Structures are given as C-alpha cells and as structure tokens.
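Read the structure below first, then the notes.
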Amino acid sequence: MAQNKKSKLNISYDELIKNAYVHTQSESDKGVSEADSTLKSMATDAKRGQFDFINVAVITLFVLILGISFALLRNTGDPDSETVKPTVMGIYDGSYTSYLSKSYENSLPGKSLLAKINGLFSHIYGAKSLNTHQNFIAPVDEHGNIINTLTAVTTTTTTTTIYTGKTTNTTIKINKDDIFIGPQSNMWTTTTTKKTTEKTTEPTTEETTEKPTDEVTTTVTAEPEETQITTTIRIDLEDVVFTENESGALMSDFVIEPAYDVTDMNKIILSYKFYGETADYFIRPYIEYNGKNIGQNVNPTAATKEFDVSNINGEIKIAIRFIPRANSGIKDGDSVNVKLSYGLGFLNKEERQ
Amino acid sequence: MLYTDLIFIYAFLPITVLITMCDRSTEYKNLILVIASVFFFTWGKPLYICAVFLSAIPDWIFGFLAGSKSRSTKILGVLLSAILNGALFLIINYNFLFAGTPLTIENSILPVGMAFYTVRSASYVFDVALEKTKCEKNLFCFLTYMINYTLLLVGPFVRYGDIRNQIRFRIITGRKINDGITRFIVGLGKASVLAGALGYVKSVGLDVTDMTFFGAFLGMAAFVMQVYYLFSGYTDMAIGLGLLNGFSYSENFLPLRVKNGVTGAVFGFNHTLIKLVNDCLISPLSRSSVSACLATLACSVLMGLWYGFSKQFVLFGLYFGIIVIAETLFLKRLLNKLPRLICGIYTLVLIFFGWSLVYFGNLQDYQIWLSGLLFRGSGIISEALINEILAYCALLVFAVFMLTPFKDKLKSSINSAAAKSERAYACVRVLSTASLLAVLLMSTASRVVY
C-alpha cells in the first residue's frame with residue numbers, strides 16, 4: 001500500500017512536476033507572446049509616431065520659415081504706402097493695428113513666386129477658361145524677359161484708389177474673408193435712402209483719326225496677365241450721383257488708375273476677377289477710352305472679355321460700374337471696399353493678321 | 001484678426017504656441033491664452049471692444065447668485081445675466097437699432113464672435129442655476145473660459161462644464177499638436193479654398209441680371225455648401241487651435257444622415273449651440289406635446305434672429321422649425337419606410353429652399369431666382385458660369401464628394417490600408433503631410449496674390 005502510495009505519490013509528483021513545468025512553460029510562452037505583441041505594437045506606434053512627428057516637423061518648419069521670411073524680408077517698393085505712426089487715438093479706434101495688418105500683407109516678399117504657385121494650383125483644380133488667348137504672344141527681349149511696352153500714366157503695382165467725396169468714418173469692408181464669421185456679419189441692414197436720379201448723357205460716337213501710312217507703328221502686344229494688378233478700391237458714396245437705367249437700377253461709374261496710352265490698337269482684352277460679396281451691390285468692370293465707355297462686361301465676378309476696336313489711339317482706363325442692389329441699404333455717405341484683380345491685353349492690327 | 005489672416009497664421013499663431021510651450025504649468029498656459037486672446041480680439045478693432053470683456057466679471061458674480069440655494073436668488077442671477085448679455089448682444093450686433101441714440105457706435109465694426117460670446121456668458125449662469133456645473137470661484141479660470149481666442153469666432157459652443165477640468169489641468173502632448181495642426185489646416189482649406197471657390201460659382205450663378213436655370217440651381221447649391229464649409233472650416237480651425245493649446249472640444253458638425261431627414265441636418269449644423277438651446281429652453285418648456293411644439297417654434301425663430309436680424313431670418317427659422325415639428329410628429333415614420341434615395345432628395349430639396357430664403361435681400365430678386373429655376377430666366381446656362389465651373393471643377397467635385405457618405409468609406413478604407421503595414425502607413429502619412437502643405441500653400445498664395 002505504502003509502495004503503491006509511494007508510486008502513486010511518485011507518479012503524482014512526476015506528473016505534478018511535469019504539469020507544473022508544462023504549466024510554467026505555457027504561462028511563460030503566453031507571457032512572452034503577450035510581451036512580444038506589446039513590444040511589437042509599441043514599436044509600431046513608435047514608428048508611426050515618427051511619421052506623425054515628421055508631419056508636425058515639416059509643417060512647423062514650413063510655417064516658421066515663411067513666418068520668419070515674411071517678418072524679415074519686407075518688400076518696401078509700394079509707392080502708395082503711407083506710414084502711420086502709433087497714436088493713442090489710432091490704437092483706440094483700431095486704425096493703427098489695421099494699418100499694421102495691411103502693411104504686413106502688402107509688403108510680403110516673393111509675391112510673384114506665390115502668384116506662380118497659385119497659377120500652378122489653378123491648373124490642378126480647374127480647367128482653362130473658354131476664352132483662351134493662345135494667339136497672343138508676348139514680345140521678349142534678348143534675355144527672354146517679356147517687354148511690356150505699355151506706357152502707364154501712373155505706375156503703381158498695388159494701389160488703393162480713393163475717390164472724390166468726403167472721407168467718412170463709416171467704412172464697411174466687404175471681403176471674402178469677412179463673410180459668415182459669425183451670425184449677421186454678412187448681412188448689412190440699414191435704412192435705405194434712394195437718391196435723386198439724373199438722366200445719363202449718351203456717349204457720342206468716337207471719331208478715329210487715320211494715322212499717316214509712313215508712320216512707324218509700335219507693336220504692342222500683351223497678355224492680360226502681364227499687366228495684372230490687384231487693387232483695393234475704396235468707393236466713397238458721399239455726394240455721388242447715381243443714374244437710373246430702364247429697369248430702375250441705380251448706378252455710378254468710377255475710373256481706376258493707372259491709365260494706358262495706346263497706339264493703333266484693334267483689340268483690347270480685359271481679364272478681371274472681383275473679390276467680394278455681391279449681396280449688396282454689383283460691380284461691372286468696363287473699358288474707358290478717352291473718357292468714354294467702349295464696352296462692358298455683364299459678369300460680376302470674373303471674366304475675360306475681348307473688345308473689338310478700330311485703330312484707337314489714346315488713353316485706356318479700366319472703370320467700374322457700381323450698382324447697389326435694391327433694398328441693400330447702401331446709402332449716401334457709406335463707403336465700400338472693393339478688391340479687384342485685373343489685367344489688360346492689347347493687340348494691334350499687325351498682330352491680328 | 002481672423003484665423004485666415006496671414007498675420008495670424010505666420011506671426012500670431014507660431015509665436016503664441018511657442019510661448020505657451022515654454023512652461024508646462026496650466027496656470028502659465030492660461031495666462032498666455034488670456035493675454036493672447038485680448039491681443040487677438042482688439043487687433044484691428046477698436047480698443048473699447050476690450051471693455052466688453054469686462055462684462056465677464058458681472059457674469060462671474062451672477063454665477064454666485066445662480067449657485068445659491070435660494071430659488072429666488074437663482075432666478076435673479078439668471079435674469080440679470082440674461083438682461084446684461086441680451087443688451088450687449090443687441091448693442092454690439094444690431095447697433096443700427098440704436099441709430100440716433102447715445103448707444104450708437106460710430107465706427108462700423110464687424111461683430112465677430114460677439115453672438116457666441118454673449119450666449120457663452122449667459123450659458124454659464126444658466127448651467128450653474130440648473131446645477132449642471134459648479135459655480136467658479138476663481139476669476140482667472142473663468143476669464144480663461146470667457147476670453148479664449150480659440151472660442152471667439154464661431155463654434156463649437158463650449159459650455160463651462162465641458163472644459164472646467166481642462167482649465168485647471170491640461171497637458172499639450174505630441175499627438176495633440178499633430179492633430180491640432182492637421183485640424184487647423186483642414187479647416188483653413190475648407191474656409192478659404194473650398195468656400196472661396198463655391199463663393200465664385202454662387203456669385204455668378206445667382207446674378208439676378210443674368211439668371212439662368214443652371215445658374216439658379218448650381219448657384220444656390222454652391223451658396224448652401226459655401227455656408228457649410230465656412231462654418232465647418234472655422235469650427236475645425238477652432239478645434240485645432242484648442243488642441244494646440246491643450247484643450248479638447250466637442251464636435252460641432254455632425255455628418256448628414258439622410259434617414260434623419262431635415263431634423264438630422266438641423267441638429268447636425270452647429271450642433272453644440274442647438275444642444276444648448278434644447279437643454280436650456282426647449283426641454284424645460286416642453287411639458288406637453290403642444291408646449292414642446294410651441295417651444296420649438298419659438299426657439300427656431302429666436303435662432304433665426306440670432307443669425308440675422310431681418311424678416312428673412314425669421315422666415316428661415318420658422319421654415320426649419322415647422323419642418324422639424326412635422327418630422328417629429330408624423331413624417332419620421334414615413335421617412336423610415338422610404339428608400340434612402342428618396343429620403344436624400346427630400347432632405348436636400350428642403351435644405352436648398354430653406355437657405356434660399358436668406359440669400360436674397362428682397363422679394364423681387366427671389367422671384368427672379370424662382371423664375372430662373374422654372375426655366376423662365378435668361379437661358380439654360382451662361383458662359384460666365386461655365387467659365388467659373390471650369391476654373392474650379394476639381395475643387396467643386398471635391399467639395400460635393402466631402403459631403404457624401406463616400407468620404408467616410410474612403411477614410412475607413414485608407415485607415416485599414418494604413419494599418420496593414422508600416423510602409424503603407426508611411427505612404428499615407430507622407431501623402432497627408434504633402435496634402436496639408438499644399439492646402440497651406442494654396443491658402444497663402446491665394447491670399448497674397450488677391
């Protein structure tokens with residue numbers, strides 16, 4: 001019995017040892033596999049974290065480089081920029097900080113590079129407009145630079161044009177970035193005051209003078225993009241006379257500088273983009289030749305339009321027709337900031353052939 | 001200053017984030033956040049707006065009244081807060097109502113964020129009175145909540161109870177920075193790139209002097225999407241900025257589920273604000289189905305007026321209020337039985353016509369739009385609209401795609417592909433970094449060029 005017991009015990013002991021060993025081994029295996037999987041997932045997380053870090057680092061570096069270069073490399077070539085000194089009143093009414101913001105954006109370096117980048121992106125997210133002007137080839141000099149032979153009466157690249165009329169305290173800025181930032185901000189509700197209207201005088205037909213045949217004609221060709229100007233136009237509506245068309249819409253015209261002196265032009269192309277909301281008004285850019293409207297585009301926001309003319313010689317200007325919407329609340333004394341990017345292209349007779 | 005301003009992206013934001021990271025203590029972060037917020041809000045705006053922030057102090061005091069055990073003191077606190085914030089909201093946001101009175105603000109300023117500010121202020125006192133959050137004894141903690149530039153412009157509408165603990169203790173982790181940067185740039189892309197492109201299509205399409213069928217249809221669709229992307233983009237930017245400052249805010253825009261009908265869309269749009277209105281006004285007033293309907297209708301009108309003080313916005317509020325009531329009472333059962341496609345068409349058509357109520361400033365323009373939609377306009381499609389669509393075709397397709405359920409499917413399939421191997425994850429991450437950089441560059445370039 002005792003032997004049996006012993007043997008039994010022995011067996012049980014062996015089995016116990018065996019079982020214990022097996023148990024320990026399986027536990028250990030399980031532990032190892034759990035640790036392995038944890039380590040594996042940690043390693044994966046760490047590696048993924050590296051990519052996340054690269055994401056943060058690349059973007060931060062990009063922002064910092066641009067931020068530092070924007071802060072250090074200032075473009076001070078803007079002739080129209082006025083230096084505003086910090087005053088207590090300026091800080092109180094916010095005009096000084098507004099000036100600093102505008103000055104920051106206006107004097108950013110590398111605008112042409114960013115414009116090219118923007119153009120590249122526009123090829124990716126959009127297709128070309130229907131009005132392509134592939135026949136227009138810009139003249140280049142021996143260095144390959146585009147010769148812009150257009151003579152600007154006033155040479156400005158970025159201009160803020162302030163029109164006649166008293167400057168009022170009411171400046172309502174309507175830019176694309178100002179809309180829908182919170183409720184009500186894009187809605188402009190004030191009492192409407194309809195102005196007394198006056199009849200327009202129809203423009204007289206322009207007489208074109210023939211040039212002598214022996215005179216050398218300068219070839220002037222340019223793509224609208226070459227003369228591209230982005231300008232913020234402030235329209236002061238103090239004492240502005242509005243005229244009324246057949247459908248009762250009120251309108252008033254404003255001329256934008258610079259003006260161009262052209263010789264023997266047969267075609268003018270106006271390419272423009274108007275940035276802003278049209279909730280309260282319409283903008284109709286048009287070409288003014290020697291003080292007269294020679295063609296108007298009906299598209300309010302962006303277009304390229306060709307104006308066929310006949311050997312015109314004189315001063316070409318861009319003008320905008322400002323048409324407040326009915327019940328918009330725009331009234332005498334208000335002022336509106338309109339951001340417009342435009343370019344003029346010209347083609348003379350020789351080029352057309 | 002706006003989140004899309006270059007001076008914000010390339011000067012204000014990097015500087016404040018770097019300064020915030022100089023110390024790990026939450027008190028320091030709060031101090032920097034308050035200073036930066038005052039600087040942010042007064043930049044380019046009259047300094048006296050700063051005085052508006054002083055209204056936070058009376059609200060802090062009203063919080064004590066609302067937190068007292070006496071019911072009458074509670075009511076007094078809530079009433080005083082409602083009067084103060086209501087008055088501020090009207091004076092700042094709808095100053096034209098006070099023309100010719102001493103309350104006239106001479107310089108026309110955009111009431112950026114004031115609507116959210118005043119409601120946030122009042123919500124704190126309401127929540128304390130309803131015992132949803134504790135009364136804050138520390139003024140500085142309360143100011144961190146009230147004067148927080150990440151919450152100033154638009155939603156998410158964060159209630160004090162949601163971030164009370166985060167104000168006292170929060171850490172800025174690498175993950176939060178990564179998510180914050182990503183979210184901010186995604187929002188920037190929505191608000192400046194997508195909403196910008198949609199804005200051009202809208203302006204050309206809804207030109208009342210040249211209203212065509214496609215102009216009326218696509219223009220209004222573009223307007224609805226533009227509104228969505230602007231709000232959603234600014235919300236994303238706010239959530240991203242919150243993460244960069246160590247905060248976690250709740251989502252403000254829920255994905256559109258066609259089965260939920262217009263009610264789902266209404267509750268999904270500016271969700272946090274609607275939840276507040278529901279908690280504070282509709283639920284307490286809803287004692288029977290009739291009173292619930294009346295409360296919903298009244299709150300819809302109030303919400304409309306909150307968005308804009310005009311009869312169009314009253315109509316807008318009523319329109320959606322009536323649809324929500326109708327769906328809750330009987331249309332929901334019908335919608336559940338209908339196929340998904342029909343539900344989708346029903347929802348989109350009602351949203352489309354609802355938003356059209358606020359676009360046009362007068363009935364004459366609205367009639368022109370309707371006649372354009374009924375083929376009585378100046379044609380089928382204008383050349384100008386074709387040009388505009390061609391100029392932004394890929395962006396427009398992308399904008400539509402992002403509003404469909406396919407976006408979620410694509411996202412989950414990309415995530416599952418990325419989970420398979422490290423190489424796949426690396427590819428996805430590199431592509432996403434490149435896309436974020438491209439969006440940042442596009443936003444910068446468009447801002448600089450135009």
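The values are calculated or read from the model by the stated rules, or taken from the named source; none is laboratory data. Predicted model, so just to flag it, every value in this text is computed and none were measured. For neighbour counting, all protein chains shown are included, and Cβ atoms are generated from backbone atoms with ideal geometry for every residue, glycine included.
Here is a yes/no grid of residues against (1) farther than 26 Å from B:Ala115 by Cβ; (2) touching a residue at least 40 places away in the same chain (Cβ under 8 Å); (3) among the acidic types (Asp, Glu):
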| position | (1), (2), (3) |
| --- | --- |
| B:Met303 | no, no, no |
| B:Val324 | no, yes, no |
| B:Leu335 | yes, yes, no |
| B:Cys343 | yes, yes, no |
| B:Leu350 | no, yes, no |
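How do the pairs read when you match residues in segment B:385-396 that are facing another protein chain (nearest Cβ under 7 Å) with residues anywhere that are hydroxyl-bearing (Ser, Thr, Tyr) and part of a helix (DSSP H, G or I), using Cβ under 6 Å and keeping only pairs 6 or more apart or on different chains?
B:Glu388/B:Tyr200; B:Ala394/A:Tyr125; B:Leu395/A:Tyr125
Counting residues that are within 14 Å of another protein chain (Cβ to nearest Cβ) and within 19 Å of the chain's Cα centre (by Cα), which helices (runs of 4 or more DSSP H) fully inside segment B:132-229 reach at least 1? Give the derivation first.
On the way: elements: B:139-146, B:160-168, B:174-188, B:195-205.
By residue number, B:174-188, B:195-205.
Can we say B:Ser232 is in a helix (DSSP H, G or I), of a type in the set (S, T, N, Q) and over 19 Å from B:Val349 (Cα atoms)? Break it down stepwise before answering.
On the way: in a helix (DSSP H, G or I): yes; of a type in the set (S, T, N, Q): yes; over 19 Å from B:Val349 (Cα atoms): yes.
Spelling it out, B:Ser232 is indeed in a helix (DSSP H, G or I), of a type in the set (S, T, N, Q) and over 19 Å from B:Val349 (Cα atoms).
So if I check each of B:Tyr359, B:Tyr425, B:Tyr392, which one is crowded, with 17+ Cβ neighbours inside 10 Å, of a type outside the set (Asp, Glu), modelled with pLDDT under 90 and not assigned by TED's automatic domain parsing to the domain that holds B:Leu230? So that I can check it myself, show each step before the final result.
Details: B:Tyr359 fails: not assigned by TED's automatic domain parsing to the domain that holds B:Leu230; B:Tyr392 fails: not assigned by TED's automatic domain parsing to the domain that holds B:Leu230.
Checking each option against the conditions leaves just B:Tyr425.
Write out, first by first residue and then by second, each pair whose Cβ atoms fall under 8 Å of each other, whose residues are 6+ apart or on separate chains, and whose first residue, in segment B:147-173, is surrounded by fewer than 19 Cβ atoms within 10 Å (Cβ to Cβ) while the second is modelled with pLDDT under 85.
B:Ile171/B:Arg24
When the residues of segment B:248-264 are filtered to those that are crowded, with 22+ Cβ neighbours inside 10 Å and more than 25 Å from B:Ala129 (Cα to Cα), which remaining residue is modelled with the highest pLDDT? Steps first, answer last, please.
Keep residues of segment B:248-264 that are crowded, with 22+ Cβ neighbours inside 10 Å, which gives B:249, B:252, B:261-262.
Now narrow it down to the ones that are more than 25 Å from B:Ala129 (Cα to Cα): B:261-262.
Numbers: B:Gly261: 83, B:Val262: 87.
The selected residue is B:Val262.
Of the residues B:Val227, B:Val201, B:Val208, only one is closer than 30 Å to B:Phe8 by Cα, in contact (Cβ under 8 Å) with a residue 12 or more places away in the chain, touching an Asp or Glu at 6+ places or on another chain (Cβ under 6 Å) and not aromatic (Phe, Trp, Tyr); which?
Criteria check complete, one pass: B:Val201.
Report whether or not B:Gln312 is touching a helix residue (DSSP H, G or I) at 6+ places or on another chain (Cβ under 7 Å), within 14 Å of chain A (Cβ to nearest Cβ), over 20 Å from B:Gly261 (Cα atoms) and not hydrophobic (A, V, I, L, M, F, W, C). It would help to see each step written out before you state the result.
Values: touching a helix residue (DSSP H, G or I) at 6+ places or on another chain (Cβ under 7 Å): yes; within 14 Å of chain A (Cβ to nearest Cβ): yes; over 20 Å from B:Gly261 (Cα atoms): yes; not hydrophobic (A, V, I, L, M, F, W, C): yes.
Here the answer is yes, as B:Gln312 does meet what is asked.
Could you check how many residues of segment B:435-450 are of a type outside the set (A, V, I, L, M, F, W, C) and modelled with pLDDT under 80? Walk me through it before giving the result.
We begin by selecting, within segment B:435-450, every residue of a type outside the set (A, V, I, L, M, F, W, C); these are B:435, B:443-444, B:446-447, B:450.
So of that shortlist, the ones also modelled with pLDDT under 80 come out as B:446-447, B:450.
Result for segment B:435-450: 3.
Confirm whether B:Leu341 is at pLDDT 85 or above and facing chain A (nearest Cβ under 10 Å). Give the derivation first.
Values: at pLDDT 85 or above: yes; facing chain A (nearest Cβ under 10 Å): no.
It is false that B:Leu341 is at pLDDT 85 or above and facing chain A (nearest Cβ under 10 Å).
Of the residues that make up segment B:265-276, is at least one buried (at least 20 other Cβ atoms within 10 Å of the Cβ), among the polar types (S, T, N, Q) and out of contact with any Phe, Trp or Tyr (no Cβ under 9 Å at 6 or more places or on another chain)?
No, every residue in segment B:265-276 fails to be buried (at least 20 other Cβ atoms within 10 Å of the Cβ), among the polar types (S, T, N, Q) and out of contact with any Phe, Trp or Tyr (no Cβ under 9 Å at 6 or more places or on another chain).
Please go through segment B:435-450 and pick out each residue that is part of a helix (DSSP H, G or I) and within 9 Å of chain A (Cβ to nearest Cβ).
First, pick out the residues of segment B:435-450 that are part of a helix (DSSP H, G or I): B:435-449.
Those that are part of a helix (DSSP H, G or I) and within 9 Å of chain A (Cβ to nearest Cβ): B:Leu436, B:Leu437, B:Ala438, B:Leu440, B:Leu441, B:Met442, B:Thr444, B:Ala445, B:Ser446, B:Arg447, B:Val448, B:Val449.
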